[in-house]
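Below is one structure, written out as structure tokens, with a few remarks after it.
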Amino acid sequence: QVQVVESGGGLVQFGESLTLSCAVSGTSLSGYTMAWYRQAPGKQRELVAEISSGGNTNYAVSVKGRFTIFRDGAKQTVYLQLKSLKPEDTAVYYCNRPLFAWTWGPGTRVTVSS
């Protein structure tokens, strides 16, 4: 059974940085496009960034230039580096594959104070 576990969230101030990790077990990540999503209070989950198996990336307009997605196949881990954080980035962040999603992990909460 595939298990996804996100970590690295926390409480930070405006303009600070964080790096989130997404560890996947139970399957090999190679060949899969992976993505980070976020869900802010009272809002629907939205796609933040995705990375193909070949390393091509796409970002939501709201985070482009501030967030970076990357992956380490050997560690079965996908990362999301968050820079220049804003209060509107406050959300629970999740990772999964965009197509035929696995069971969602617990997410990791990011709170940005102004």
Average accessible surface area per residue within segment 12-114, 1.4 Å rolling probe, Å²: 53 Å²
Karplus-derived 3J(HN,Hα), 6.51/-1.76/1.60, for each residue of segment 70-81, Hz, glycine and proline x: 8, 9, 10, x, 5, 9, 6, 9, 10, 10, 9, 8
Mean Cβ-within-10 Å packing, highest first, puts peptides 62-70, 30-38 in the order 30-38, 62-70
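Assuming 0.36 nm per residue, please report the length gained on full extension of the stretch residue 64 to residue 46 beyond their Cα-Cα distance. Numbers along the way, then the final one.
Values: separation 18, 0.36 × 18 = 6.48 nm, distance 1.42 nm.
Length gained, residue 64 through residue 46: 5.1 nm.
In debye to the nearest 20, how big a dipole does the chain give about its Cα centre with +1 on each Lys and Arg Cβ and -1 on each Asp and Glu Cβ? Intermediate results must be reported in sequence, preceding the final value.
On the way: 11 positive and 7 negative charges, 16 e Å.
I would put it at about 80 debye.
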How large is ³J(HN,Hα), in whole Hz, for each residue of segment 21-36 in order, when computed from phi with the Karplus curve 6.51 cos²θ - 1.76 cosθ + 1.60 and θ = phi - 60°, using x for Gly and Pro? 10, 10, 9, 10, 10, x, 7, 8, 6, 4, x, 9, 6, 10, 9, 9
Value of relative contact order over the chain, rounded to a whole percent, pairs C-alpha under 8 Å and six or more apart: 37 percent
Could I get the Rg over Rh figure for segment 49-92? Both from C-alpha atoms, Rh via Kirkwood, rounded to two places. 1.00
Just the Cα atoms of the chain: what Rg and Dmax do they give in Å? 13.2, 40
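Where nothing but the Cβ of Lys and Arg (+1) and of Asp and Glu (-1) is charged, how large is the charge dipole of segment 34-84 around its Cα centre, in debye to the nearest 20? Write down the numbers at each step before the final one.
Values: 8 positive and 3 negative charges, 35 e Å.
Dipole about the Cα centre, nearest 20: 160 debye.
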Peptide ranges 76-82, 90-96 listed from the most packed, as the mean C-beta count within 10 angstrom indicates: 90-96, 76-82
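The values are calculated or read from the model by the stated rules, or taken from the named source; none is laboratory data. Nothing here was measured: the structure is a model prediction, and the numbers come from that model. As a convention, Cβ positions derive from the backbone with ideal geometry for all residues, glycine included, and neighbour counts pool all protein chains shown. Just so you know, the surface numbers come from the protein's heavy atoms only, side chains and all, with ligands and any DNA or RNA stripped out. Shrake-Rupley method; radii C 1.70, N 1.55, O 1.52, S 1.80 Å.
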